[in-house]
Structures are given as structure tokens and as C-alpha cells.
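Some notes on the structure that comes next.
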Amino acid sequence: MELTVLGGRGAWPTPDQGCSGYLLVCDGFRLLLDPGYATLPPLLARIRPEDVDAVLVTHGHPDHCADLNPLLRARALGGSAPPPLPLYSPPGALDAVLALDRPGMLDGFRTPHGITAGARLRIGPFDVETRLLPHFVPNAGVRLTGPCGAVFAYTGDTGPSPEVPELARNADLFLSEATHPETVPPEDAAHLLSARLAGRYAQQAGAARLLLTHLWPGTPHRDAVRAARDSFAGPVSVAVPGTVLRPGAGESAEVGGPCAEPGGPGEPDRC
Ligand SMILES: [Zn+2]
């Protein structure tokens with residue numbers, strides 16, 4: 001199993017990276033997780049639009065699904081006539097992004113599948129377990145296993161919940177939202193996580209590695225990593241575009257990307 005980070009910014013894209021977006025590959029099957037704002041360009045730097053085999057969206061906020069529209073446009077208008085793209089999401093989560101173009105234009109290029117959080121499903125080689133996690137809109141946390149011999153868990157966006165460490169139980173790689181390092185402002189506290197709590201959940205779950213994502217723009221990465229390390233004993237880093245991880249290979253080895261080498265002295269926020 002191989003995970004490539006396409007973007008990991010929370011809320012809106014910044015000059016250095018887009019919002020949530022991850023490419024997960026097993027047995028040659030390419031699953032795109034959460035095509036958020038500005039994640040299509042780094043995806044297309046790696047593979048062709050028609051090479052995506054399925055898309056899984058945790059919830060319907062645009063920082064997690066806006067770039068589905070240009071992906072479908074590239075498949076529909078690019079001349080290669082790929083088969084309809086299977087789209088998995090909570091029911092109705094993609095209605096807004098799928099309504100951006102004139103009615104019917106992209107219909108033949110997608111096959112929507114509503115997933116009720118709590119359901120188990122199969123996407124290509126992946127067995128997918130979903131859990132309803134607390135957010136402003138229905139959000140499906142996902143746990144993927146399969147023939148590639150690794151367990152990968154991803155929160156999507158969530159507030160505190162005992163379901164989170166259950167989702168990440170013994171995961172080789174736990175990708176957790178960590179919108180703020182220490183505390184979440186009261187008005188959002190039920191719907192978003194801190195890096196500190198993500199670290200606590202990772203430790204509780206027995207996860208092998210923690211990858212923090214969805215940091216609010218401007219958040220120093222080192223603050224998030226430091227907060228998570230207070231309770232999590234394993235490796236912690238922040239998701240940045242280009243990071244490639246192979247969960248289950250050794251210690252969830254980082255095999256490439258900007259964090260594979262330690263950041264230079266002038267780049268404390270590189271990873
Ligand atoms: Zn978000």
C-alpha cells in the first residue's frame with residue numbers, strides 16, 4: 001500500500017499547497033481520497049485523469065471535494081473516453097460539486113455510490129470500514145485494509161469521539177485531522193480536533209505512525225508535531241504535498257517527498 005499526499009491544508013488552499021487530497025494505491029488500483037481544492041494539479045503531475053480507478057470522499061465540504069469537478073472535466077473532455085468513475089461519499093455530499101456544470105454534461109462519466117457511515121464496503125482491492133464521526137456535516141471516517149497487508153485509517157474532519165481511536169486501532173498509518181495544535185476554539189470544539197488530541201488517540205489506538213493533516217493555514221507545523229508527541233510515542237509528521245508513505249513496510253516507511261530528508265535549519269516547517 002502506498003499513500004501519496006497531494007495536499008493537506010485545512011479550509012482553503014495556500015500558495016504552498018492545496019487542501020486535503022491523498023492517492024492510495026494497492027495492487028495497481030488507484031483510489032483518490034478527498035479531492036479538495038487545488039489537489040488536481042499535483043495529482044496530474046503523477047498520473048493521468050483516466051488512471052484514477054475510484055474516488056472516496058469523507059464529507060461534502062469543498063476543501064475535501066471541490067477538485068472532483070475538474071477531474072471529471074478532464075476525463076470527459078480529454079478525449080480518452082474512460083469508463084464512468086465510481087464515486088463513494090455520504091449520500092448527497094457531492095450534490096453541490098456535481099451541479100457545477102450544465103445538467104447532464106458529466107453524468108456519463110461518473111457512478112455515484114452513497115455510503116452510510118457505519119457501513120462496510122469493497123472498493124477495488126480495499127476493504128473499507130466506515131464510522132460516522134462528528135463534524136458540521138455527515139463525515140465518514142475510513143479504515144482501509146486489503147491484500148497489500150497494511151491498515152490505513154483516516155478521520156476526514158472530526159470532533160472528539162471514542163470512535164476515532166477505534167477507527168485507528170492498530171493502524172500502520174493513522175492520518176488524522178489536526179486543525180489546531182493545542183485547543184480548538186469553543187464554537188468548533190465538537191467538530192474539529194487538536195493535534196494534541198490526535199496524538200492521544202493515536203497512542204490509545206496503538207497506531208504505528210501518525211500523519212497530521214488539515215492544519216489551519218498559518219499554523220506552524222512544529223507546534224502541531226510537538227503537541228501530538230506529548231502523548232504519542234511513534235513517528236509523527238505533517239502531511240505535505242509529495243510525501244509518499246508505505247504503511248506496513250518496516251515502520252510505515254517514508255519513501256520519498258520533502259520530508260524524507262531532515263529539513264534544513266532554515267526550514268523548520270518543512271515537514
Ligand atoms: Zn475540511
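The values are calculated or read from the model by the stated rules, or taken from the named source; none is laboratory data. The structure displayed is predicted, hence computed values, not measured ones. With ideal geometry, Cβ positions are generated from the backbone for all residues, glycine too; neighbour counts draw on all protein chains shown. With ligands, DNA and RNA removed, areas are computed over all heavy atoms of the protein, side chains included. Shrake-Rupley method; radii C 1.70, N 1.55, O 1.52, S 1.80 Å.
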Task: Failed condition for Ala54, given (1) away from the ligand (no atom under 14 Å from the Cβ); (2) within 11 Å of the chain's Cα centre (by Cα) - done: (2)
Open item on the list: Can you tell me which residue is nearest to the ligand (Cβ to nearest atom) among those in the range 154-170 that are open to solvent by less than 10 Å² (accessible area, probe 1.4 Å), farther than 20 Å from Arg246 by Cα and not polar (S, T, N, Q)?
Closed with: Asp157
- [ ] Restricting attention to the range 131-170, report how many residues are part of a strand (DSSP E or B) and aromatic (Phe, Trp, Tyr).
- [x] 2
TODO: Looking only at the range 199-218, count how many residues are touching a Phe, Trp or Tyr at 6+ places or on another chain (Cβ under 8 Å) and within 16 Å of the ligand (Cβ to nearest atom).
DONE: 2
- [ ] Being in a loop (DSSP other than H, G, I, E, B) and open to solvent by 30 Å² or more (accessible area, probe 1.4 Å) is the filter here, so list the residues in the range 171-199 that pass it.
- [x] Asp172, Glu182, Thr183, Pro185, Ala189, Ala190, His191
Open item on the list: Condition (residue is touching a strand residue (DSSP E or B) at 6+ places or on another chain (Cβ under 9 Å) and under 22 Å from Leu56 (Cβ atoms)) applied to the range 217-226: is it met by at least one residue?
Closed with: no
Task: Flag for Ala202 being touching a strand residue (DSSP E or B) at 6+ places or on another chain (Cβ under 6 Å), open to solvent by less than 10 Å² (accessible area, probe 1.4 Å) and in a helix (DSSP H, G or I) - done: yes
